[in-house]
Amino acid sequence: MLGMGHSWQLALGAVFWAGLLFLVISLTPLREWIVNSIPKSLKLGIGAGIGLFLAFIGLKNAGFVVDNPATLVGLGDLTSLPAQIRHIIGLGLDKAIAT
């Protein structure tokens, strides 16, 4: 908002009104109508797309995926120490969460 020349107070006001609108939609049958109007295959596709996007962000932060000028995405150096440490920590956190 500051980059667009607006104050932080205006941003908070917009968040307030958006929250109020969301509350009204949630308390009326309008929410159920909107949810039921979306096909099941599209709902599943949106969920899968969000999951793949989050996985891509995690792989990029771990160093497994890097920028490549020719293909936009390339395979990082998997033998580097930081990538291996992030991999081990990620597996440890995954096992800790699963138990």
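The values are calculated or read from the model by the stated rules, or taken from the named source; none is laboratory data. Treat the numbers as computed from the prediction; the structure is a model and nothing was measured. Positions of Cβ are backbone-derived with ideal geometry, glycine not excepted, and every protein chain shown enters the neighbour counts. When the accessible area is computed, the model is the full protein with side chains, heavy atoms only, and any ligands, DNA or RNA have been set aside. Shrake-Rupley method; radii C 1.70, N 1.55, O 1.52, S 1.80 Å.
Here are some notes:
- Annotation: per residue accessible area for the chain equals 84 Å², rounded to a whole number [probe 1.4 Å, protein chains only].
- Projected label distance in nm at Asn36 and Lys60, using a 7 Å step from Cα toward the beta-carbon: 3.9 nm
- The fraction of accessible area contributed by carbon and sulfur in segment 39-98 is 74 percent, rounded to a whole number (1.4 Å probe; ligands and nucleic acids excluded).
- Counting every C-alpha pair in the chain, the share spaced more than 23 angstrom apart comes to 61%.
- Sites Ser26 and Ile46 - FRET efficiency at Förster radius 25 Å, r taken between beta-carbons, to 0.05: 0.85
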